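The values are calculated or read from the model by the stated rules, or taken from the named source; none is laboratory data. The model shown is predicted, which means the values in this text are computed figures rather than measured ones. Here Cβ is always computed from backbone atoms with ideal geometry, including for glycine, and neighbour counts include all displayed protein chains. Keep in mind that these areas ignore ligands, DNA and RNA; they rest on the heavy atoms of the full protein, side chains included. Shrake-Rupley method; radii C 1.70, N 1.55, O 1.52, S 1.80 Å.
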Amino acid sequence: MARSQVATPSHLINNSTYSELVGKGFRRSGMFTYRPYCDGCQACTPLRVVADHFKPNRSQRRAWTRHHTLNVRVLKLGFVSEHYALYLRYQNSRHAGGGMDEDSVDQYTQFLLQSRVNSRLVEFRQTMPDGSPGPLKMVSILDVLDDGLSAVYTFFEPDDPASFGTFNVLWQIQQARQLGLAFVYLGYWIQDSPKMSYKARFAPMQILVDGQWCESDAMARDKIDDNHHD
């Protein structure tokens, strides 16, 4: 049985306070700031990438080459029906039966479009031959913290055989560098979860252990094959 610790009252959590909470292992879901607090289990490990020290491996370089021409727009949080349709396609393809594949507009809005902190919605579209933005390929919601970017949630076109998720993290690392921010927070990592294995490929990273951020580069390089194919 999963259990979470929730920071309250939520209306008093401003961006500076939220930044401190993320540094202590908290995450945001809509208006709620939480962290796992399960009896006898600490599998959910907060993980962050050290932006200035990051060096892409071979498969990450391929992902960047494949997608770096996408048309990117950084927007304020707001409902767009095209985004919601892509979200449902993504959930039905990647997380069918998990409940989120049946999210209503209200549930989608509460989960991703409500925030009291410095949040952004980033839209990635195919670039047409004339340079104009074309079909929607990916949407990412992120928070801008005092010391980094926090990746809240990303969804993308599930039918395209492409490494959009990898590219998205690479883009956030680049943005953090441009903004002079030290870290990209990727949420929780579970070592034995195949769906979360991608997070450990962005070395060097740090994990939060007993309240302290620890370098984890050696662990990741032991586990990840640089020749991995997405």
Net charge near Gln174: determine it from the other residues with C-beta under 14 Å of the C-beta of Gln174, scoring Lys and Arg +1 and Asp and Glu -1.
+2
Of the labelled options (1) 13.0; (2) 11.7; (3) 15.8, which one gives mean projected area of the Cα convex hull in nm² as computed for this structure?
(1)
With Ser10 itself left out, Lys, Arg at +1 and Asp, Glu at -1 over residues whose Cβ is under 12 Å from its Cβ give +2
XL table Lys24/Lys199; Lys76/Lys137; Lys24/Lys137; Cα-Cα > 21 Å flagged, in table order, is Lys24/Lys137
5 angstrom amide H check on Gly187, placed H, neighbours 5+ away:
Leu47, Ala151
Sparsely packed chymotrypsin sites (Phe, Trp or Tyr not before Pro) within the range 49-158, loop by DSSP, other Cβ within 10 Å at most 16
Phe79
By the rule of another cysteine's Cβ lying under 4.7 Å, the cysteines of the chain that fail to get a partner are Cys44, Cys214
For the range 50-64, just list the computed ³J(HN,Hα) in residue order, Karplus coefficients 6.51, -1.76 and 1.60, θ = phi - 60°, integers in Hz, with x standing in for Gly and Pro.
7, 4, 5, 9, 5, 10, x, 8, 4, 5, 5, 5, 5, 4, 5
Restricting to the chain, what percent of DSSP beta bridges are antiparallel, rounded to 5?
95 percent
Of the range 114-128, those with amide N under 14 Å from the point 7 Å along the Cα→Cβ vector of Arg73 are 121-128
5 angstrom amide H check on Lys137, placed H, neighbours 5+ away:
Phe124, Arg125, Gln126
Using just the helices of the chain, give the 222 nm mean residue ellipticity in deg cm²/dmol: DSSP H runs with n ≥ 4 each add -39,500 (n - 2.57), and the total is spread over all residues, rounded to 500.
-8000 deg cm²/dmol
Sorted by chain and then number, the residues having a modelled amide H within less than 5 Å of the amide H of Gln5, at least 5 places away or on another chain, are Arg35, Tyr37
Going residue by residue through the range 7-21, the Karplus relation 6.51 cos²θ - 1.76 cosθ + 1.60 with θ = phi - 60° gives ³J(HN,Hα) values, rounded to whole Hz and with x marking Gly or Pro, of 7, 9, x, 5, 6, 9, 8, 8, 5, 5, 5, 4, 4, 5, 5
I'd like the trypsin sites (Lys or Arg not before Pro) in the range 70-163 restricted to DSSP loop residues with at most 14 other Cβ atoms within 10 Å, sorted by number.
Lys76
What part of the accessible area of the chain, given as a whole %, is carbon or sulfur when the probe is 1.4 angstrom?
50 percent
Karplus-derived 3J(HN,Hα), 6.51/-1.76/1.60, for each residue of the range 69-81, Hz, glycine and proline x
8, 4, 7, 10, 10, 9, 10, 6, 4, x, 7, 10, 4
Leaving out ligands and nucleic acids, and using a 1.4 Å probe, what accessible area per residue does the range 38-87 come to in Å²?
59 Å²
Report the paramagnetic label zone for Ser16: residues of the range 142-168 whose backbone N is under 12 Å from a point 7 Å from Cα along the Cα-to-Cβ axis.
146
